[in-house]
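The values are calculated or read from the model by the stated rules, or taken from the named source; none is laboratory data. Bear in mind that the values here come from a model prediction, so they are computed numbers and not experimental data. Cβ placement follows ideal geometry from the backbone for every residue including glycine, while neighbour counts extend to all protein chains displayed. Accessible surface is based on the protein model in full, side chains and every heavy atom, while ligands, DNA and RNA are left aside. Shrake-Rupley method; radii C 1.70, N 1.55, O 1.52, S 1.80 Å.
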Amino acid sequence: MPPGAGRLPRQVGPGTRRLLDRLGDTPVCVSDAAWTVLAWNTAWEKLGCVSIDSHGRDRNMAWRAFTGDQGRTTRTSEREVRFQSSIVTDLRATALRYPHDDWLRDLVADLQAVSETFADLWQAHVDTRYQDDQVTIRHPDAGDITVDYDIMTIHEGDLRAVVFTTETGSADAARLAVTQGRHSDRG
């Protein structure tokens with residue numbers, strides 16, 4: 001079997017774990033190429049972006065994006081459409097790299113069954129590349145926090161790092177600092 005044709009990698013290596021730790025006050029999570037969150041730092045957890053007790057599809061960002069369970073995050077309708085299109089584009093590429101991964105194949109089939117939007121995008125063979133994004137997080141203590149949402153690819157392990165940042169000195173930076181137990185923001 002050629003490299004990449006087997007199972008989707010789902011391991012977070014020591015370098016990626018150190019990256020999570022070193023980003024400290026910057027909320028970051030790492031997902032596999034199918035968008036299942038595998039690891040996160042304390043800042044991500046304090047923001048309330050993931051439940052430690054969640055498993056399987058509850059940790060899958062694609063599943064949540066197409067089944068209406070976005071948790072505390074919201075996007076404008078235009079950004080949501082673009083984000084969903086880019087997730088489908090990325091999942092299609094992932095499915096081509098890992099054609100023998102049963103979990104991934106089941107995820108795509110189930111998304112097609114439960115989401116007309118996903119099914120339409122999948123059938124249309126969309127090719128939307130990820131662009132800059134913003135989400136608003138509804139935090140119970142700090143209120144609404146609008147953050148820039150960036151995705152970085154970690155080639156080793158075919159992983160995705162989702163990073164939330166705010167503009168230094170902004171009201172959103174101050175609200176983000178509150179979630180981290182700080183009173184000011186370093187960006």
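Structure data summary
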quantity: Pairs where the first residue, in the range 151-173, is touching a residue at least 60 places away in the same chain (Cβ under 8 Å) and the second is open to solvent by less than 40 Å² (accessible area, probe 1.4 Å) and acidic (Asp, Glu), C-beta under 9 Å, 6+ apart; calculated: Gly157/Asp32; Asp158/Asp32; Leu159/Asp32; Arg160/Asp32; Arg160/Asp90
quantity: Number of the condition not met by Val147 [criteria: (1) out of contact with any helix residue (DSSP H, G or I) (no Cβ under 8 Å at 6 or more places or on another chain); (2) at pLDDT below 95]; calculated: (1)
quantity: Answer residue from the range 111-128, given it is of a type in the set (D, E, K, R) and either in contact with a Cys (Cβ under 6 Å, 6 or more places away or on another chain) or in a helix (DSSP H, G or I) (or both) and is surrounded by the fewest Cβ atoms within 10 Å (Cβ to Cβ) among those; calculated: Glu116
quantity: All positions within the range 87-103 that are assigned to a helix (DSSP H, G or I), open to solvent by less than 60 Å² (accessible area, probe 1.4 Å) and touching an Asp or Glu at 6+ places or on another chain (Cβ under 9 Å); calculated: Thr89, Arg92, Thr94, Ala95
quantity: Where Leu38 falls short, out of the listed (1) out of contact with any Asp or Glu (no Cβ under 7 Å at 6 or more places or on another chain); (2) at pLDDT 85 or above; (3) open to solvent by 10 Å² or more (accessible area, probe 1.4 Å); (4) outside any helix (DSSP H, G or I); calculated: (1)
quantity: Out of Ala113, Ala173, Ala124, sole residue that is at pLDDT 90 or above and farther than 24 Å from Gly68 by Cβ; calculated: Ala173
quantity: Residue in the range 133-165 that is least open to solvent (accessible area, probe 1.4 Å), counting only those that are in a loop (DSSP other than H, G, I, E, B) and more than 26 Å from Pro9 (Cα to Cα); calculated: Ala142
quantity: Hits in the range 41-50 - residues which are surrounded by fewer than 20 Cβ atoms within 10 Å (Cβ to Cβ) and not in a helix (DSSP H, G or I); calculated: Gly48, Val50
quantity: Single unsatisfied condition, Gln123 versus (1) within 22 Å of Gly169 (Cβ to Cβ); (2) more than 17 Å from the chain's Cα centre (by Cα); calculated: (1)
